[in-house]
Amino acid sequence: MTKPVLVILAAGMGSRYGGMKQIDGVGSHGEPIIDFSIYDAHRAGFEKVVLIIKREHEDLFRKCLTDKVSKYMEVGFAYQDMDNIPAGIAIPEGRVKPWGTTHALLACKGVVNEPFAIINADDFYGSDAYKVLYQYLTSEISDHHYAMVGYPCRNTLTDNGTVTRGLCRTDENGYLTHIEEIQKIASKDGKAIYDDCGTWKDIADDALVSMNFWGFTPSIFDECEEVFDQFIRKGIEENPMKCEHVIPTAVGQLVNEKKCSVKMLSSKDQWFGVTYKEDKPLVVERIAEMKVKGLYPDVLWD
């Protein structure tokens with residue numbers, strides 16, 4: 001049996017956070033969230049991790065993360081390169097913003113040849129989520145039949161600003177029927193609300209969102225190449241400096257076009273993360289509590 005791989009989106013610029021939050025320490029020994037994610041994946045059964053990064057950051061990731069992880073898991077890299085776009089398209093002069101997570105995913109084509117989970121570097125998903133998705137990747141997944149671990153929207157918010165989430169709808173069998181990127185979602189009195197052209201509206205308490213915790217096979221690369229090609233040719237004309245394409249939008253289009261199915265999985269754990277710098281103290285506190293409870297050893301990988 002081919003063992004599934006963990007892929008981590010770690011090439012982001014962290015503009016709202018104000019730095020490279022992918023490797024910013026939140027544990028008692030300076031561990032970043034990504035360290036706990038790899039540790040949880042390893043406990044679930046994953047034996048290989050591929051980090052999608054900017055090429056110029058490889059030495060930094062090796063020094064602060066992969067040198068210690070590589071004693072326990074095989075570690076590889078994929079590089080998100082701004083120049084890696086369809087032929088005949090010119091990068092706008094002065095553009096520095098990456099093309100988004102769909103483009104980052106495509107950096108893994110030829111690098112990842114097994115079923116794989118893909119996650120954000122700065123999101124804490126909980127150990128149960130990795131077990132749930134690993135089980136799917138080793139027993140159910142097939143080409144064009146994927147999975148996603150969804151989280152209640154109200155449990156993915158921050159008190160320090162608004163967030164963007166992929167709001168999901170499913171059918172009676174638990175398969176994704178629609179996903180829509182909603183910007184400017186906020187928390188108010190324990191509920192999720194969003195800004196609809198100046199009017200704040202409620203989001204249902206049981207609404208699930210994507211936190212970029214997907215299960216794919218390599219068939220997703222060819223499917224997303226076509227989607228990304230369509231996007232960038234239009235985006236360069238309409239919003240040359242800031243256009244970007246994200247995985248939830250890509251998957252939503254593929255679902256709408258009946259090119260794939262996505263099973264919605266759930267986890268008993270609660271997500272948390274660092275969107276803004278002000279989120280960090282709460283994350284530090286929660287991880288410290290989990291170490292006290294014995295959910296993690298004092299020193300990971302020891």
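Please give the contour-minus-distance gain from Arg233 to Arg62: 0.36 nm per residue of separation, less the Cα-Cα distance, rounded to one decimal in nm.
Value of the extension gain: 58.0 nm.
Enumerate the calculated ³J(HN,Hα) couplings along segment 284-295 in order (Karplus 6.51 cos²θ - 1.76 cosθ + 1.60, θ = phi - 60°), each rounded to whole Hz, writing x wherever the residue is Gly or Pro.
These are the phi-based 3J(HN,Hα) values: 4, 5, 5, 5, 4, 4, 5, 5, 4, 6, x, 6 Hz.
Can you list, bin by bin at 5 Å, the percent of alpha carbon pairs in segment 175-235, starting at 0?
All Cα pairs considered, the percentages come to 4, 12, 16, 19, 16, 13, 13, 6, 1.
In square nanometres, what is the average projected area of the Cα convex hull of the chain?
Mean orientational projected area (the chain, Cα hull): 15.9 nm².
What ranking do Thr102, Thr2, Thr249 get, fewest neighbouring Cβ atoms within 10 angstrom at the top?
Neighbour counts put them in this order, fewest first: Thr2, Thr249, Thr102.
Using the number of other C-beta atoms within 10 angstrom as an exposure proxy, rank Tyr296, Tyr151 with the fewest first.
Tyr296, Tyr151
Looking at segment 157-206, which GluC sites (Glu not before Pro) are in a loop (DSSP not H, G, I, E or B) and have at most 16 other Cβ atoms within 10 Å?
Glu172
For segment 50-91, with the dipole built from +1 on Lys and Arg beta-carbon atoms and -1 on Asp and Glu ones, taken about the Cα centre, which of Thr66, Leu51, Gly76 lies farthest toward the positive end?
Highest projection toward the positive end goes to Thr66.
Please identify every one of the GluC sites (Glu not before Pro) in segment 211-262 that sits in a loop by DSSP and has no more than 11 other beta carbons within 10 Å of its own beta carbon.
Those that pass, being in a loop and sparsely packed, are Glu257.
Which of Lys48/Lys234; Lys201/Lys277; Lys63/Lys291; Lys131/Lys291 have a Cα-Cα distance over 28 Å?
From the list (Lys48/Lys234; Lys201/Lys277; Lys63/Lys291; Lys131/Lys291), the Cα-Cα distance tops 28 Å for Lys48/Lys234.
Would you work out the relative contact order for segment 5-292, in percent, from Cα pairs under 8 angstrom that are 6 or more residues apart?
25 percent
Residue separation times 0.36 nm, minus the C-alpha to C-alpha distance between Ala90 and Glu181: what's the value?
Length difference between fully extended and current span is 30.1 nm.
Report for segment 5-292 the percent antiparallel among DSSP-assigned beta bridges with both residues inside it, nearest 5.
Taking every DSSP beta bridge within segment 5-292, about 60 percent pair in antiparallel fashion.
Do any trypsin sites (Lys or Arg not before Pro) in segment 147-177 lie in a loop, going by DSSP, with at most 10 other beta-carbon atoms within 10 Å of their beta carbon, and if so which?
Sparse-neighbourhood loop trypsin sites (Lys or Arg not before Pro): none present.
Since every read-out is calculated from the coordinates, none of them should be taken as a lab result. These numbers were taken from a predicted model, which means no experiment stands behind them. Neighbour counts are summed over all protein chains in view; Cβ atoms, including those assigned to glycine, are modelled from backbone coordinates with ideal geometry.
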